[in-house]
Amino acid sequence: MELALDFLKNTGFAMADWRYLMMILVGILFCYLSIAKKYEPLLLLPIGFGIIIGNIPFFKGFGLGIYEDNSVLHYLYFGVTSGLYPSIVFLGLGAMTDFSSMLARPKLMLLGAAAQMGIYFTLLSALALGFTPQEAASVGIIGGADGPTSIFLTAKLAPHLIGPVAIAAYSYMALIPIIQPPIMRLLTTRRERLIRMPDTERHVSRKELVFFPVVGVLLCCFLAPASIPLLGPFFLGNILKVSGVVDRLAKTASSAVIDTATIFLGFTVGASTQADVFITPKALGIFFLGSIAFSIATASGVLFAKLMNLFLKEKINPLLGAAGVSAVPGSAREVHLTAQKEDPGNYLLMHAMACNASGVIGSAICAGILWSFMMG
């Protein structure tokens, strides 16, 4: 009986408390949303399962937890804390991105820049609530709606907040169908939502597509050298795609490489939400500020599109501004669906993807600027 009692004391059942159980329920909820509701399953499923694994109680010192040196999870987590996984994800994103729509209508790039306002407003709000400048910058980047960028910057500035920031960023990305449509409808009239974009665009030559990643990486990284770890692989992936001479490399980057990085990124970020280090007042504040950041980013893009229309002869649909956040392709799809509810013949997807692509670049530049500024 004494041996049996000692065994029971060493089980997770005996060591569990309400915090671990609550986080395990959150992990189960993420898995449910990804499987049953199909909310960003590529992100939420590995994150959700990682949350479950990371909140199984264990004895400290056995080399089991993600925060214990020499544990398997700790080694896997190095890809997060070093910024390795986000860089690999950006390589794959570059190999999957088609810039032809953006190059055909360069003015849409302005919407990607405008949507980054959510980052700076949230940074100021976080400072007002008592976060340190490095923590505030890490929270603010959630407004870019780019999970890998949020993780990368937080790993550099406030590593202790990687879990809350990553979970908040990916949660709001998964909730795009719930968050963005009400904001888009509130800030636009039906007449504006009915604006049709031209079906035919200027033909973008192969030469332009090949030159763009070279010019893009030079302009962006000279402007914000700290964005090199993200935008360097991103534009490399894109030139692999458009060059037409390394199809095998482009296909590998856009499939096996990015999928592998996504699995480990999501799983280890989920596992980092160990209840005894995750459930803090700051974590709750991050979730609150993250929702504000995402909402302001969406609103900023829409309002800037309306401002542009005051000076344009050929009006653009203000809904496109909501795709200026870098949640690819979720926000572009939601813009397209919102427009189609008003007019089933209004196809905005390709135009929205142009804004999305510029948003990815914009959020990475913002991350580079914040990193260099906060560490300078």
Criterion first (modelled with pLDDT of 90 or more, of a type in the set (A, V, I, L, M, F, W, C) and surrounded by fewer than 18 Cβ atoms within 10 Å (Cβ to Cβ)) does ILE52 satisfy it?
no
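Can you find a residue in the range 354-365 that is touching a Gly at 6+ places or on another chain (Cβ under 6 Å) and more than 22 Å from GLU201 (Cα to Cα)?
Within the range 354-365, one or more residues are touching a Gly at 6+ places or on another chain (Cβ under 6 Å) and more than 22 Å from GLU201 (Cα to Cα).
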Under 6 Å between Cβ atoms, at least 6 apart or on separate chains: pull out the pairs that start in the range 232-258 with a residue that is closer than 18 Å to MET102 by Cβ and end on any residue that is among the aromatic types (Phe, Trp, Tyr).
PHE234/PHE90
Just checking, which of VAL277, VAL269 is closer than 25 Å to VAL72 by Cα, over 15 Å from the mean Cα position of the chain (by Cα) and in a helix (DSSP H, G or I)?
VAL277
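Can we say LYS282 is basic (Lys, Arg) and within 22 Å of the chain's Cα centre (by Cα)? Outline the logic, then answer.
Details: basic (Lys, Arg): yes; within 22 Å of the chain's Cα centre (by Cα): yes.
Yes: the conditions hold for LYS282.
Any idea how many residues of the range 179-208 are assigned to a helix (DSSP H, G or I) and either closer than 18 Å to SER363 by Cα or touching a residue at least 24 places away in the same chain (Cβ under 8 Å) (or both)? I'd like the intermediate steps shown before the answer.
Quick first cut of the range 179-208, residues assigned to a helix (DSSP H, G or I) only: 179-187, 190-193, 206-208.
Subsequent filtering for residues that are either closer than 18 Å to SER363 by Cα or touching a residue at least 24 places away in the same chain (Cβ under 8 Å) (or both) retains 179-181, 183-185, 187, 190, 192-193, 206, 208.
Matching residues across the range 179-208 total 12.
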Given (1) modelled with pLDDT of 90 or more; (2) buried (at least 24 other Cβ atoms within 10 Å of the Cβ), index of the condition ALA158 fails:
(2)
Just to be sure I understand, how many residues within the range 130-159 are in a helix (DSSP H, G or I), farther than 17 Å from THR262 by Cβ and not hydrophobic (A, V, I, L, M, F, W, C)?
10
Residue under question is PHE278, and the condition is that it be surrounded by fewer than 24 Cβ atoms within 10 Å (Cβ to Cβ), at pLDDT below 95, closer than 30 Å to ILE183 by Cα and of a type outside the set (A, V, I, L, M); does it hold?
no
Just to be sure I understand, how many residues within the range 362-376 are crowded, with 16+ Cβ neighbours inside 10 Å, touching a Pro at 6+ places or on another chain (Cβ under 8 Å) and either more than 17 Å from PRO233 (Cβ to Cβ) or not small (Gly, Ala, Ser) (or both)?
1
Per the filter on the range 307-334, residues aliphatic (A, V, I, L, M), in a helix (DSSP H, G or I) and either over 17 Å from the mean Cα position of the chain (by Cα) or surrounded by fewer than 23 Cβ atoms within 10 Å (Cβ to Cβ) (or both) are LEU307, MET308, LEU319, LEU320
Taking the condition of being hydrophobic (A, V, I, L, M, F, W, C) and more than 21 Å from the chain's Cα centre (by Cα), how many residues in the range 335-352 meet it?
2
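Could you tell me whether any residue of the range 245-254 is within 15 Å of the chain's Cα centre (by Cα) and within 25 Å of PHE212 (Cβ to Cβ)?
Here is the first cut: in the range 245-254, the residues within 15 Å of the chain's Cα centre (by Cα) are none.
Looking through the range 245-254, none of the residues is within 15 Å of the chain's Cα centre (by Cα) and within 25 Å of PHE212 (Cβ to Cβ).
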Given the criteria aliphatic (A, V, I, L, M) and either assigned to a loop (DSSP other than H, G, I, E, B) or surrounded by fewer than 23 Cβ atoms within 10 Å (Cβ to Cβ) (or both), does LEU44 qualify?
no
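Looking only at the range 83-99, which residues are in a helix (DSSP H, G or I) and crowded, with 22+ Cβ neighbours inside 10 Å?
Taking the range 83-99 and keeping what is in a helix (DSSP H, G or I), we get 84-96.
Across the range 83-99, the qualifying residues are TYR85, PRO86, ILE88, VAL89, PHE90, LEU91, GLY92, LEU93, GLY94, ALA95.
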In this structure, does TYR85 turn out to be modelled with pLDDT under 90 and under 26 Å from the mean Cα position of the chain (by Cα)?
no
Can you run down the residue pairs with Cβ atoms below 8 Å, 6 or more apart or on separate chains, where the first is in the range 209-231 and more than 15 Å from ILE369 (Cα to Cα) and the partner is in a helix (DSSP H, G or I) and among the hydroxyl-bearing types (Ser, Thr, Tyr)?
LEU209/SER100; VAL210/SER243
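Of everything in the range 13-41, what is of a type in the set (Gly, Ala, Ser), surrounded by 14 or more Cβ atoms within 10 Å (Cβ to Cβ) and modelled with pLDDT of 85 or more? Give them in sequence order.
Residues of the range 13-41 of a type in the set (Gly, Ala, Ser): 14, 16, 27, 34, 36.
Retained after the next criterion (residues that are surrounded by 14 or more Cβ atoms within 10 Å (Cβ to Cβ)): 16, 27, 34.
Correct list: GLY27, SER34.
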Answer residue from the range 338-361, given it is assigned to a helix (DSSP H, G or I) and free of Cβ contacts under 8 Å to residues at least 40 places away in the same chain and is surrounded by the fewest Cβ atoms within 10 Å (Cβ to Cβ) among those:
LYS341
Of all residues in the range 27-68 being of a type in the set (Gly, Ala, Ser) and touching a residue at least 12 places away in the same chain (Cβ under 8 Å), the one that is farthest from GLY12 (Cα to Cα)
SER34
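The values are calculated or read from the model by the stated rules, or taken from the named source; none is laboratory data. Given the structure is predicted, the values throughout are model-derived calculations rather than measurements. Positions of Cβ are backbone-derived with ideal geometry, glycine not excepted, and every protein chain shown enters the neighbour counts.
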